[in-house]
Structure formats: C-alpha cells, structure tokens
Amino acid sequence: MSYQAPVKDMLFIMRELAGLASVRSLPGFEDATDDTVEAVLNESARFNAEVLAPLNWTGDLQPSSVADGVVTTTPGFRDAFRGFAEAGWQGVQHPAAFGGQNLPKLVATACIEMLNSANLSFALCPLLTDGAIEALLTAGSPEQQQRFIPRMIAGDWTGTMNLTEPQAGSDLSQVRSRAEPQPDGTYRIFGQKIYITYGEHDMAENIVHLVLARTPGAPEGVKGISLFIVPKFLVGDDGSLGARNDVYCASVEHKLGIKASPTAVLLYGDGKFPLASPGGGPAAAGAVGWLVGQENRGLEYMFVMMNAARFAVGMQGVAVAERAYQKAVQYARDRVQSRAVEGSSGPVAIIAHPDVRRMLMTMRALTEGARALGYVAAAAYDAAHASPDADTRKANAAFYEFLVPIVKGFSTEMSLEVTSLGVQVHGGMGFIEETGAAQHYRDARILPIYEGTTAIQANDLIGRKTVRDGGQTVRGVLGRVAQTLAELPEDGELGGIRRRLAEGAQALGDAADYLVSQGKADPRATYAGSVPYLMLCGTVLAGWQMARAALRASQQLAAGADDADFLRAKIGTARFYADHVLSRSLSLRAAIVDGASGTLALEESMF
C-alpha cells in the first residue's frame, strides 16, 4: 500500500480547531477559501501519492552517493523535484511578490505534512529551502532578496543551513569558521561544516548556503557570529550563474535512516575551486560570501531559519507517524493469525485482536493529537504575522513561540513510539526490511536529534518560555484549556474526556508552578525535569485539541451532519487518547515535581 493523505482529517482540523475562517479573514489571505484550500490539499495529496511516495523505498535501497565531490541523488529524485518545483509547491506560503502563492502557513503545514509522509528524505530539501527563504525575508537586503528568493521559490536553486562544525555541535559559541573581508565588500569564507542536509546534490542548478562564520576581531562566543550567503555558483547582477565557488563536498554521511537525503561535509575555502581576487588578482582559495544584515548578529538571523526548521521537523514527526499507521492498519487487515479471543471458527485478521487494536488506536490517537496541535500553532503564526491588531499579533506570537519547542519535541518523540508500534503490529515481519515498516522506524530516529535535541527544546521551553515570564504564558494557555473544559459536558463519553483533560491540566499547572518556584533557586533540579515537562505539555495540549475535536464532532452529529462514521471515529479516538495518553500526565508530573533527586542521585564516578 502506498501513502494516501488524510485530507478529510486535515480539513476537519483546519476548519474546526485551527480556525481557517479566521485565518482567511486576515489581510492577504482572502484567497484561502474553503474550496481553494480543499483543492490545494487534494492536488498535493495526488502529487505526493503518485510521484513521491513510490520513491520512498527506492531511496532507502539506493541512497545518495558522492564521488570526487559530486553527489548523485536517488534515481527518480531529480525528475520528481523538477515536477515539485514546476507545480509551485515550494512557494505555497511565500510572498507573491517573489513568485510564491502567499497562502497561510496553516495551509502550507498540511502540504508539508503530506510531503514528509510521502518521502521524508526528499522533503528535507524543500524544508531547508523554506527556512533559507524565511531567513532572507527577515534579514536579507532588498538586493539579496531579489537576487536569491525568486529562484529558490521557483526551485531553480535550493537552500541550506550551515551551523555545525566538528568541534561545535549544539554549542554554537564554538564556531570557528572565519570570514575575511575583501575590498569589494564580499568576504572569503574558510572552514568546515558538517551535517549539512542537501549540502551538495544534482536536483537544482545552484545551492544557496547560509553559513555562520566569524569576522576578524569578532567577540568570542555567540555574540561574535555573522551570517553569510555563500552560493555553490557565484551569481551575477543579472542573476546569471558564474564561476564555481570554493565549496567542496568532502563526503556524505552513512546513516541509520533518511538515507536518500545527502548529509554533507562541506569544506569552505579549501582551494578546490580557487577564485580570482578582487581587482583581477591571481586565483586564490576562499569561498566568496555576502554578509546578511549586520556583523555579529548572525545567530539572531539564523534563529529565524532554525525556528522554521524546528516547526517543520515537528510536522515530520506527525508525517512519518501517519505513514507508519497507514501501513500498520493495512497489514493488520490482511494478516490472518490465531482465533479470536472470544472464539471463532478459524483464524481471523489480526485487527480483530484487542491488543492489536490497542496498538493501532495508540498510533492513531497520538498522530491525530500531534497533527491538531501543529495546525493550531500554524494558525497562531498566521495571526501573529498578518493581524492588523497589535495586541492580537503579540498574543499569537507568544502562543506560537511557546508551542514551537512542544511541536518539535513532543511530535518527534511521539513518532518513535508510533513507528515502533508499527513494527510491533507487523510482528516478526516488521523486523524484515522488505515490509517497509522498519524504514519508518529508522527514518524517525533522527527527528528528536536534529534541529535541536529534545533536551534543547525542553530547556528552551522551561528557561525562556516558562520560568522567564513567571509562568504567565503557560497559565494563559491553561486558561484556554479551561474554556474547553467549561464547554464539555460532565457525563457520557465527553464527560470521560473532560475528567481526564481536567486531571492533565491540573498536573501541568502543578508542574509549571514547581518549575517557576525552583527556576533560579535550584537550576539543576529544574532542568532535571525539562524533558518530562515538555512531554507533559505536549500530552496535555494535544489532549486539549482531541477534546475540542470530540466536542465539535458531537455537535455536528447532533445537527445531523453527513459522514457520521468519521465523526464517531473522532469521538472514539479522543476517548482513547484521554484514557490511554492523557492518563500519563500524572506520572509525568511526578517525574518533574519529585524526580530530580533520583535523576541526580549518582556521582559522575558511579556511572
């Protein structure tokens, strides 16, 4: 079975939970009508099912390769990327002034999910290009924007993010790449960057690298980092491609998963492609780069790209979970094994067995909850950027910024549970590569690591998003949860959901109070509970969205809406989430409030 996008669920979430009608009322988004959005999603679903999903397994068997600095991507990827670009998918959320479609991030998020479900390795190239475009829209000069952004939106060129170096992983204060100013206003870049996704490939004619480096005399630490545009081929004033820049792909990594995505080691200024010096001097080593914005503000600018990437990686978690769920359901329907526990005349499809049903429901509930939370965050981003009201922009910006580490951390950790269950549903066949279940598990494993590990997201959530403002933002979010609790009835199936959500909200409130009180008094105790806190936030807030979905579905059923089975499934899945996932909230609270002493009990020498 290939991938079929869950368009019906996506549209339900966009309309009922994320407020598509409110989003399209924002200036510039008037074209995002129900009919237009549904047409965009259906066409995206068709393209991804027909073009990209069939290449996913191919990419695992025939990954990208490098020879003499030249990367050859998986057979079929180059043509698929050309089709992707020509159809305009790179520009869904970007400004029309640069060739984009100017649709809301909410709509783009659904398209991004489909792209990653269909082919996670392929999707990483557009993902990084989106981030590079956002960074240049924020910090690039008008000339830089006009020179680079339209060609990236058109898919002629792609973008990368160059942060990590061998000695500088997550600690970017250790970046040592250097940028030497030239008389013509350019810089010569020297250094080595590692883990550069699509740092070299054959799918587009140029690659626009955004590179962190230090200028002479720059302050130590993160305050001395600048951001540079360093294209693979130099770009003339008229947009034409010139000489090859002094950037060389030394190798691509051999990875556990996402094998078709070339993760490159790039050498800047190694002398493989020497260039003439300004004024017509002799050719010399050094990659030519252009400063973005002001010197020493590079990390600030790069955070725009990083935040975009972190949100997108969270949606990758949802995407690979959806793909694993679909595969598991199909296998469970087809695989006949053992008699039913209540008795049957012969073996039954394993989907009849209660524990298989439990696993499938866990996969479904976690995926739907994380999807809903991501879409709600995307709608907040749209309001934060497009609302004409300053207070509305400020409130939605705070909500979105609070949710980004949760979307990234919770959704990616969730994907490990879901893809692992996908293997388990397949039984022994799940451990056999030919079924494809193992690929999703392997592909998912990078998601909680790159673009900031789960601990980095959790530390941000505690330090910047909870303790710094005394818990004001999280209390505001819990206030919105309380509004939903007030809408839910106290009895029946929705009453059961209400009780679990109330328990989860109380647990989250208790944990936030504890962290705020401990924040400065005992930082080690505070941060010992950082990941449990992130998971508690994700568990409760995704559960909040599931409760809202159940309430809307119940109201539609009462009004005689069509597609009763879909609506009843929304309620049933929300009830399962409440009993099996929201119930985890109490143990997560205990790990945060009472667990620090155990986490820090052993001296380093005892390990």
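Where a number appears in this text, it was derived from the coordinates with a stated rule and is not lab data. What you see is a predicted model, and the numbers here were worked out from it, not measured in a lab. Positions of Cβ are generated from backbone atoms using ideal geometry, with glycine treated the same way; all protein chains shown enter the neighbour counts.
Table for the structure above
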quantity	calculated
Signed unit charges on C-beta, dipole axis of region 131-288, positive-most listed residue 276, 137, 258	258
Cα centre as origin, Lys/Arg/Asp/Glu Cβ charges: the chain dipole, Debye	820
Under the Karplus curve 6.51 cos²θ - 1.76 cosθ + 1.60, θ = phi - 60°, whole-Hz ³J(HN,Hα) for region 165-171, x wherever Gly or Pro sits	10, x, 9, 10, x, 6, 8
Efficiency of FRET from Cβ geometry, residue 344 and residue 184, R₀ 60 Å, rounded to 0.05	0.15
Burial ordering of 249, 537, fewest other beta-carbon atoms within 10 Å first	249, 537
Positive minus negative residues near residue 488 (Lys, Arg vs Asp, Glu; Cβ under 11 Å)	0
Unit charges on C-beta of K, R, D, E only; dipole of region 459-598, Debye	380
Karplus (6.51, -1.76, 1.60) ³J(HN,Hα), θ = phi - 60°, over region 253-259, in Hz, Gly and Pro reported as x	6, 9, 10, 5, x, 5, 5
Cα convex hull of region 257-386 - mean projected area over all directions, nm²	14.4
Likely footprinting exposure, 587, 345, fewest C-beta neighbours within 10 Å first	345, 587
Region 459-598 - Rg (one decimal) and Dmax (whole number), Cα, Å	16.6, 56
Helix 77-86 vs. the chain, principal-axis angle (Cα, 0 to 90°, nearest 10)	90
Proximal charge balance of residue 439 [Cβ under 14 Å; K/R count +1, D/E count -1]	+2
Label-point separation, residue 469 to residue 202 (7 Å along Cα→Cβ), nm	5.0
Total formal charge among the other residues, if their Cβ is under 12 angstrom from that of residue 312, Lys/Arg +1 and Asp/Glu -1	-1
Helix axis angle, 120-139 relative to the chain longest principal axis, alpha carbon, degrees	60
Cα-based equivalent ellipsoid of region 17-66: semi-axis lengths in Å, sorted from largest, via gyration tensor	35, 12, 9
Label of the coordinate-derived value, Rg/Rh (Cα atoms, Kirkwood Rh), listed as (1) 1.03; (2) 1.19; (3) 0.98	(3)
Cut-off 14 Å (backbone N to label point 7 Å along Cα→Cβ of residue 392), residues of region 12-27	19-27
Given charges at Cβ of Lys, Arg, Asp, Glu: the chain dipole, positive-most of 587, 75, 375	587
Euclidean distance of C-alpha centroids, region 329-406 and region 2-21, integer Å	12
